[in-house]
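So the structure is just underneath, and the comments pick up after that.
The values are calculated or read from the model by the stated rules, or taken from the named source; none is laboratory data. Just so it is clear, the model here is predicted, and its values are computed rather than measured. Cβ placement follows ideal geometry from the backbone for every residue including glycine, while neighbour counts extend to all protein chains displayed. To get the accessible areas, we keep the full protein, side chains included, count just its heavy atoms, and leave off ligands, DNA and RNA. Shrake-Rupley method; radii C 1.70, N 1.55, O 1.52, S 1.80 Å.
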Amino acid sequence: MQDVLGEEAARGLGRLCKLPVQDAITSAPSNPGLERIEARFAGDAYDLHRHDTYAIGVTLHGVQTFWYRGERRHSMPGNIIVIHPDEMHDGAAGTDDGLRYRMLYLEPALALQSLGDRQGALPFVNDPVIADPALQGALAAALGNLDEELDELLVDDVVSQLTLGLARHARQHGRPLSAPAIRQTELARDYLEEHALRLVRSGELEAVSGLDRYALSRHFRTLYATSPHRFLLMRRLQRAREMIKTGEPLAGIAVETGFNDQSHLNRQFKKAFGMTPGRWAALIGVEPPRDLSITHP
């Protein structure tokens, strides 16, 4: 399942595999309106119950089976599960191999806020087990590393992409961008570029653009085929590449370009460019500094 949730998720699954063979739930740092978990079960997991949030997740291992709207459903590894708020369901491993999955719980109020004036009701997805690369990408961004808290811009984009995906499967569609919306989105992009090497808060972009954070996330993807979070990250990584050309120590580059530490920069660099900073330095003929080891992807 490395293709589903990425390298960081694979490491997380590796850690979970080292636990005793027993049922377990691991919670990630939460964000307002959004909770994330990883769960592992053998046999029955949950009795019939219902909660007031969307449950949106991905099956990682085994067969995930649950009773939902009068039918027994089955999800295989890589499938996406969407359970509507207040719908009765249970949960269990469908085979003796056990079950492992990751799930996020999205508050309906946040989903409606994200969708804005596109509709006045929550999207209802009739089929709770689906295959959708776009939704899978949004889930990967949210569930790929449960050890780290999600920053505001990433949460905005994840919520936006998830709710748009739900609306798409519910056959509810939006409208094209207006000229004012295009200009507002351009203002946000210019601001991100100007302040790329520091943490930019969602409220700043709302103030600069005049758009709420979810509308901005939707418009940004329409215009630039990426999210504000990703755009900011790539500006930082581009700056890091320029600094690597000069042979500066990677730890210092990480701090100056707004990453948590050298390890954080290494992970993001490889995810963006398909190789480590050291490997990239070697390929362009730069002598790597002492702390910039050359490793192959």
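So the values come out like this:
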quantity	calculated
Meets criteria (of a type in the set (Gly, Ala, Ser), in contact with a His (Cβ under 8 Å, 6 or more places away or on another chain) and surrounded by 19 or more Cβ atoms within 10 Å (Cβ to Cβ)) for ALA167	yes
Number of the condition not met by GLU204 [criteria: (1) at pLDDT below 95; (2) out of contact with any Asp or Glu (no Cβ under 8 Å at 6 or more places or on another chain); (3) charged (D, E, K, R)]	(1)
Considering residues of the stretch 1-46 that are polar (S, T, N, Q) and at pLDDT 85 or above only, the residue least open to solvent (accessible area, probe 1.4 Å)	ASN31
So SER209, is it out of contact with any Pro (no Cβ under 9 Å at 6 or more places or on another chain) and polar (S, T, N, Q)	yes
Any hit, the stretch 240-251, residues being over 26 Å from SER160 (Cβ atoms) and within 20 Å of the chain's Cα centre (by Cα)	no
Residues (touching a Lys or Arg at 6+ places or on another chain (Cβ under 7 Å) and at positive phi) located in the stretch 205-260	GLY258
Residue in the stretch 267-287 that is at pLDDT below 90, of a type in the set (Asp, Glu) and touching a helix residue (DSSP H, G or I) at 6+ places or on another chain (Cβ under 6 Å) present	no
Filtered residues of the stretch 67-114 (kept if of a type in the set (A, V, I, L, M, F, W, C), within 27 Å of ASN145 (Cβ to Cβ), surrounded by 15 or more Cβ atoms within 10 Å (Cβ to Cβ) and under 24 Å from the mean Cα position of the chain (by Cα))	ILE80, ILE81, VAL82, ILE83, LEU99, MET103, LEU104, LEU106, LEU110, ALA111
Conditions (1) open to solvent by less than 60 Å² (accessible area, probe 1.4 Å); (2) at pLDDT below 90; (3) farther than 20 Å from GLY33 by Cβ: number failed by LEU122	(3)
Scan of the stretch 144-164 for residues that are among the aliphatic types (A, V, I, L, M) and free of Cβ contacts under 8 Å to residues at least 60 places away in the same chain, ordered by number	LEU164
Meets criteria (touching a helix residue (DSSP H, G or I) at 6+ places or on another chain (Cβ under 6 Å) and without any contact (Cβ under 8 Å) to a residue 60 or more places away in the chain) for ALA167	no
Residues (within 22 Å of the chain's Cα centre (by Cα) and open to solvent by less than 30 Å² (accessible area, probe 1.4 Å)) located in the stretch 47-65	THR53, TYR54, ALA55, ILE56, GLY57, VAL58, THR59, LEU60, GLN64
